[in-house]
Structures are given as C-alpha cells and as structure tokens.
Amino acid sequence: MSDDKDVLRDVWFGRIPTCFTLYQDEITEREAEPYYLLLPRVSYLTLVTDKVKKHFQKVMRQEDVSEIWFEYEGTPLKWHYPIGLLFDLLASSSTLPWNITVHFKSFPEKDLLHCPSKDAIEAHFMSCMKEADALKHKSQVINEMQKKDHKQLWMGLQNDRFDQFWAINRKLMEYPPEENGFRYIPFRIYQTTTERPFIQKLFRPVAADGQLHTLGDLLREVCPSAITPEDGEKKNQVMIHGIEPMLETPLQWLSEHLSYPDNFLHISVVPQPTD
C-alpha cells in the first residue's frame, strides 16, 4: 500500500467529545452528574464505555440496573456500528459535545442487538474483517494468519494501540504488484432517509480499461441520489471519518487509508445541513 502513515494515524486517533446523560426516567438514589468522554471514532460504543457504566451505576440501586444501551435524539445507537459512523450518520451537523442518553431499562429489542460481553464485539469485528478479506483477497490473507495475529488485531483495537494493530493490518492492505488493487472494495453506504440498513455491492477498484475507479464512480453506480447533478444544488454530504473526500479520489486509496479497523469503508450520505 502507498505509505501515507500520517493519514492512517489521523484516522486512528480521531476523537468525538461526548456528554453522556442518564435518561430522566431512570430511578436513582441521588442526582446523576453527566459524564464526559473523548470517544475514539474507530471503536465501538460498548467497548469504550465501561467508565460511563460505572459512573451511573454508582447512583442507582443494583436491582434497577440491567443491560446498558445508548440513544441520540430518540434513535437507539447500534453498538455494532463504529462510533465515527454513528456520529457522521446521525449527528454530524450538531454542535459538540455529542449528547448521548444512557439507558438501563426498556432495551429496544426491535432496534438493537444485545451485547452480553466483549466477546460479542470481538466476534462481530472478526466476522467483518473476514468478510472484507473475502472481497479483497478471496480470504487468502486472513486465512494464512495465525490465531495470535487475529488476536493482535483485536487487542490493538481494544487497547487503542495503533502500532500493534497496523503491524498485522498492513498485510490485509497489500495486493500483488501486477494488479492495481484489491479484487473488490469492501464498502457500505448508509443513508438516514431510507429503511434499508446499508448498500453493499461488488465493485472493483480498477475499470476494465485499467483506469482507477473513484469515489464518484462508485456513487454514480450504486447510490446515484448522493451525487449533485451538474446544474443542481448540493443536497447531500458524502462523509467518511467526518470529512467529505473529493469524488475524484481513487477508491483503492480510500480503501487502504480511510477504512475502519474492520477493513470496510463506512460511507455516510446525509442531507446537506441548512444553515
């Protein structure tokens, strides 16, 4: 992969200032102060909120505590979506800190998966990585790794260790020199305006004539509504990690540098904010 280590580092260390507040109907023994945290964009809510849970449990009776879940402006937050994706999709036009409400009761079974332990997060994360490598290398790279390499990827994410993670992950970002990129690009496109959870299709990084496909090419093919017509006004923002990459950016470069740790490009298409 082309070595833009600063980009990888900036993506990894992206943080979102967040204020957690206990839901007003939760029963407490004394007032619950809000809890502030810098959330890592590349991680998962249930992986980085142990301190939040402990903070609010201090003011509650044990019998009133069941599984924790989070909500933003009425929308339950899916723990199996990376934090940066949740923010870009639901809150990118709001002011910081991001205000998240904490619940211990009335788990929304229809909207959220249960997260009984860190093992559930690890299983989800590794399953995404394997799916991404099936698209990129027919699973050859991930299958040739040893169990300890898989563990190192997970521990690197869990413990926020950039070098530990990338020592292994860089192997998943390589491809044979005679090819100009991966077999297919692992991506998911999310929109708040549809019921469909996301768009995911097979898309090659290189066209039949050898030209590199761009982000614009991908959107025109799989999500044309995201593109602004030449004579029209801009209706949408296309965001990855809180930025709007230029549509001319080669997809292969984006996949190598702006994928989340699960090796997918998680792309949010959100309505253009009206100031």
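Return the FRET efficiency for the residue pair Phe203, Glu31: r is the Cβ-Cβ distance, R0 is 41 Å, and the value is rounded to the nearest 0.05. Show your work: numbers first, answer last.
Working: r = 52 Å, r/R0 = 1.26.
E(calc), rounded to 0.05, equals 0.20.
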* Structure fact -> Per GNM of the chain with C-alpha springs under 10 angstrom, the most fluctuating residue out of Leu202, Leu219, Leu135 is Leu202
* Looking at Thr228, Leu254, Pro273, which one has the Cα that reaches farthest to the positive end of the dipole of the chain (charges on Cβ: Lys, Arg +1; Asp, Glu -1)? -> Leu254
* Structure fact -> Expressed in angstrom and rounded, the centroid-to-centroid distance over alpha carbons for segment 91-134 and segment 223-239 is 29
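Please compute, over every Cα-Cα pair in segment 186-265, the percentage with a separation greater than 18 angstrom.
On the way: 1297 of 3160 pairs.
So the pairs more than 18 Å apart make up 41 percent of the total in segment 186-265.
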* **For His150, solvent-accessible area (1.4 Å; no DNA, RNA or ligand), Å²** => 40
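Given a Förster distance of 51 Å, report the FRET efficiency between Arg220 and Ala120 from their Cβ-Cβ distance, rounded to the nearest 0.05.
Numbers: r = 37 Å, r/R0 = 0.73.
Plugging the Cβ-Cβ distance into 1/(1 + (r/R0)^6) gives 0.85.
Which value, in Å², gives the accessible area per residue of the chain when a 1.4 Å probe is used on the protein heavy atoms? Could the numbers behind the result be given before it?
Details: 14170 Å² over 275 residues.
I get 52 Å² per residue for the chain.
Which is the longest run of the chain containing none of the GluC sites (Glu not before Pro) found in DSSP loop states (not H, G, I, E, B) with at most 16 other C-beta atoms within 10 Å?
Working: sites that count: Glu29, Glu31, Glu67, Glu73, Glu109, Glu174, Glu178, Glu179, Glu195, Glu230, Glu233, Glu248.
Maximal segment without exposed cleavage sites: 110-173.
How many percent of Cα pairs in segment 78-199 exceed 26 Å?
The share of Cα pairs beyond 26 Å in segment 78-199 comes to 35 percent.
Report the Rg/Rh value for the chain, based on alpha-carbon coordinates and the Kirkwood definition of Rh.
0.99
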* Order the following by accessible area, largest value first: Arg183, Arg41, Arg204. Probe radius 1.4 Å; ligands, DNA and RNA are ignored. => Arg204, Arg183, Arg41
* Asked: Lys234: accessible area at probe 1.4 Å, nearest 10 Å²?
  -> 90
* For segment 1-94, what Kirkwood radius comes out of the mean inverse Cα-Cα distance, in Å? -> 14.9
* Roughly how many nanometres apart are two label points built 7 Å out from the Cα toward the Cβ at Val7 and Glu178? -> 2.7
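How do Val42, Val7 stack up against each other in accessible area, from largest to smallest, with a 1.4 angstrom probe?
Values: Val42 5, Val7 40 Å².
Most to least solvent-accessible, the answer reads Val7, Val42.
The values are calculated or read from the model by the stated rules, or taken from the named source; none is laboratory data. Note that the structure is a prediction, hence the values are computed from the model and not measured. Quick reminder, even Gly has a Cβ in these numbers, built from the backbone with ideal geometry, and neighbours come from all protein chains shown. We work out accessible area using only protein heavy atoms, side chains counted, and drop any ligands, DNA or RNA first. Shrake-Rupley method; radii C 1.70, N 1.55, O 1.52, S 1.80 Å.
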